[in-house]
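Asker: First, the structure itself, so that you have it in front of you.
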Amino acid sequence: MSVDYYQVLGVAPDASAEEIKKAYRKLARELHPDVNPDPQTQERFKEVTIAYEILSDPEKRRVFDMGGNPMDEFADAFGFGDFMGAFFGGGSRGPRPRVARGRDALIRIEIDLKDAIFGADKSITVDSAVACATCQGLGTKNGTQPVTCTSCKGRGETQTVQRSFLGQVMMTRECATCRGFGSVITDPCSECASEGRVRTRQSLDFKIPPGVESGSRIQLVGRGEVGLGGGPAADLYVEIHVAEHPTFHRQGFNLHCDIQLPMTAAALGTTLTLETLRGEVELTIPAGTQSADTLKRKGEGVPHLRGNGVGDLYVHISVVTPTKLDAEQADLLKKLAELRHEESPEAVVSETSNGFFDRLRDVFGGR
Ligand SMILES: [Zn+2]
Ligand SMILES: [Zn+2]
């Protein structure tokens with residue numbers, strides 16, 4: 001319970017009034033809620049301010065030096081929030097405007113890979129607010145005007161004088177009668193209950209540009225909610241999530257897919273038709289294609305969202321060894337092995353690149 005106020009300010013117990021003031025100013029600049037609004041800093045700021053209030057007042061400091069707690073009296077004088085308000089938030093701000101800009105909003109949508117690559121026209125339904133057509137945003141009935149608040153005489157705030165050990169302190173608070181507006185709507189619009197805007201569900205059309213990815217945000221300027229008092233409309237942000245595609249995977253601007261190729265076709269070469277996101281393409285498989293070989297199709301990947309250019313499509317090949325051979329097929333393969341002198345192959349340790357370890361290194365970014 002016994003706080004060392006000297007320690008809080010980081011000054012010696014015999015510090016001069018000038019040193020105390022200097023230490024406090026320095027800390028207050030660092031810890032002021034306007035600079036550093038996080039709760040922990042504000043706690044510290046309170047502590048520092050209390051310490052200063054006590055040590056800067058010769059009478060309070062004397063009580064504290066003698067082991068008393070001048071805070072007891074201080075805490076009784078008024079709540080701390082009021083004290084802080086009196087001390088730091090004392091500036092007059094004037095009445096709050098009735099018209100304000102709406103608040104920006106973020107919605108998330110999921111699209112498929114095809115729409116992400118080629119772009120798309122989308123239509124979504126959003127809950128929003130539009131200006132009240134009945135009162136044109138004024139919030140009043142039949143064109144009546146808000147009347148000046150009698151409690152605060154239009155200032156939007158009320159002031160009271162409180163006595164404390166600091167002397168008389170002027171307290172400024174938002175006027176409770178007019179909620180700070182300085183005027184009161186005595187005859188509110190029945191449609192919007194004086195808000196000047198009404199909630200509504202509306203459909204929104206927009207374009208997804210080609211090349212977006214998960215996390216991309218599209219800003220729809222002025223298509224968010226209308227503000228209080230029919231104020232300017234906010235922006236709406238649409239955040240894109242691209243769903244996984246069953247066969248095509250995106251990596252940066254490139255697309256990847258895997259195809260399986262019978263051993264015979266890999267050895268002899270062939271042409272096959274591949275259904276890509278752009279439609280059917282003819283794939284030429286050269287004779288002697290190996291498992292893990294890759295065919296690159298230039299310009300068939302993802303377009304750059306900004307600027308020109310488009311990525312490539314990589315077709316990764318796995319060669320499938322037949323697992324069920326009938327007698328005739330087995331005979332043919334044995335014959336082939338004989339012709340190629342491969343009946344009893346030796347273990348050949350791979351030294352060429354593109355071996356298993358080279359590929360591992362590629363994957364993990366080594367050289
Ligand atoms: Zn008022
Ligand atoms: Zn209205």
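Asker: Between a first residue in region 209-225 that is over 21 Å from Thr125 (Cβ atoms) and a second residue that is crowded, with 19+ Cβ neighbours inside 10 Å and of a type in the set (S, T, N, Q), which pairs have beta carbons less than 9 Å apart while being 6 or more apart in sequence or on different chains?
Answerer: Correct list of pairs: empty, since none qualify.
Asker: Which of (1) in the same structural domain as Val238 (by TED's automatic domain parsing); (2) closer than 30 Å to Pro58 by Cβ does Val161 not meet, given it meets every other one?
Answerer: Evaluating Val161 over (1) in the same structural domain as Val238 (by TED's automatic domain parsing); (2) closer than 30 Å to Pro58 by Cβ leaves (1) as the failure.
Asker: So for region 190-203 (the condition being of a type in the set (D, E, K, R) and more than 16 Å from Glu225 (Cα to Cα)), does at least one residue qualify? It would help to see each step written out before you state the result.
Answerer: Just the residues of region 190-203 that are of a type in the set (D, E, K, R), to begin with: 191, 195, 197, 199, 201.
Now restrict to residues that are more than 16 Å from Glu225 (Cα to Cα): 191.
Yes: region 190-203 contains one or more residues that are of a type in the set (D, E, K, R) and more than 16 Å from Glu225 (Cα to Cα).
Asker: Given the conditions (1) on the phi > 0 side of the Ramachandran plot; (2) without any contact (Cβ under 8 Å) to a residue 12 or more places away in the chain, which single one is not true for Gly309?
Answerer: (2)
Asker: Applying the selection to region 119-173, what residues are within 16 Å of ligand 2 (Cβ to nearest atom), among the small types (Gly, Ala, Ser) and outside any strand (DSSP E or B)?
Answerer: Scanning region 119-173 gives Ala133, Gly137, Gly139, Gly143.
Asker: If you don't mind, another one. Checking the conditions here, which among Arg197, Arg179 is among the basic types (Lys, Arg), in contact with a Lys or Arg (Cβ under 9 Å, 6 or more places away or on another chain) and surrounded by 12 or more Cβ atoms within 10 Å (Cβ to Cβ)? Spell out how you get there, then give the answer.
Answerer: Values: Arg197 fails: in contact with a Lys or Arg (Cβ under 9 Å, 6 or more places away or on another chain).
Step by step, each of Arg197, Arg179 is checked, and only Arg179 is among the basic types (Lys, Arg), in contact with a Lys or Arg (Cβ under 9 Å, 6 or more places away or on another chain) and surrounded by 12 or more Cβ atoms within 10 Å (Cβ to Cβ).
Asker: Next up: Taking region 160-176 as the search range and keeping residues that are of a type in the set (Val, Ile, Thr) and buried (at least 16 other Cβ atoms within 10 Å of the Cβ), which one is farthest from Glu191 (Cα to Cα)? Spell out the reasoning first.
Answerer: Looking only at region 160-176, we keep the residues that are of a type in the set (Val, Ile, Thr), and these are 160-161, 169, 172.
Okay, now just the ones that are also buried (at least 16 other Cβ atoms within 10 Å of the Cβ), so 169, 172.
On the way: Val169: 43, Thr172: 34 Å.
Result: Val169.
Asker: Does Thr186 satisfy being assigned to a strand (DSSP E or B), of a type in the set (Val, Ile, Thr) and either closer than 30 Å to Pro58 by Cα or within 16 Å of ligand 2 (Cβ to nearest atom) (or both)?
Answerer: Values: assigned to a strand (DSSP E or B): no; of a type in the set (Val, Ile, Thr): yes; either closer than 30 Å to Pro58 by Cα or within 16 Å of ligand 2 (Cβ to nearest atom) (or both): yes.
In short, no.
Asker: Only one residue in Gln136, Gln145 is without any contact (Cβ under 8 Å) to a residue 60 or more places away in the chain and surrounded by fewer than 16 Cβ atoms within 10 Å (Cβ to Cβ). Which one? Lay out the reasoning, then the answer.
Answerer: Numbers: Gln136 fails: without any contact (Cβ under 8 Å) to a residue 60 or more places away in the chain.
After ruling out the rest, the residue left standing is Gln145.
Asker: What helices (runs of 4 or more DSSP H) completely inside region 259-367 contain at least 3 residues that are of a type in the set (D, E, K, R) and at pLDDT 95 or above? Working first, answer last.
Answerer: Working: elements: 263-268, 327-339, 356-364.
Hits in region 259-367: 327-339.
Asker: Taking the stated definitions as given, is Glu157 crowded, with 17+ Cβ neighbours inside 10 Å and of a type in the set (D, E, K, R)?
Answerer: Values: crowded, with 17+ Cβ neighbours inside 10 Å: yes; of a type in the set (D, E, K, R): yes.
It is true that Glu157 is crowded, with 17+ Cβ neighbours inside 10 Å and of a type in the set (D, E, K, R).
Asker: Go through Thr125, Thr177, Thr160, Thr172 for me and flag whichever is of a type in the set (Val, Ile, Thr), touching a strand residue (DSSP E or B) at 6+ places or on another chain (Cβ under 7 Å) and near ligand 1 (Cβ under 8 Å from one of its atoms). Quick ask: steps written out before the conclusion?
Answerer: On the way: Thr125 fails: near ligand 1 (Cβ under 8 Å from one of its atoms); Thr160 fails: near ligand 1 (Cβ under 8 Å from one of its atoms); Thr172 fails: near ligand 1 (Cβ under 8 Å from one of its atoms).
Residue meeting the stated conditions: Thr177.
Asker: Scan region 289-309 residue by residue and report those that are surrounded by fewer than 17 Cβ atoms within 10 Å (Cβ to Cβ) and closer than 15 Å to Ala116 by Cα.
Answerer: Residues satisfying the conditions are His304, Leu305, Arg306.
Asker: Check Val198 against each of (1) in contact with a Gly (Cβ under 8 Å, 6 or more places away or on another chain); (2) within 16 Å of ligand 2 (Cβ to nearest atom); (3) in a strand (DSSP E or B); (4) among the aliphatic types (A, V, I, L, M) and name the one condition it does not meet.
Answerer: Looking at each condition in turn, Val198 falls short on (1).
The values are calculated or read from the model by the stated rules, or taken from the named source; none is laboratory data. The structure displayed is predicted, hence computed values, not measured ones. For neighbour counting, all protein chains shown are included, and Cβ atoms are generated from backbone atoms with ideal geometry for every residue, glycine included.
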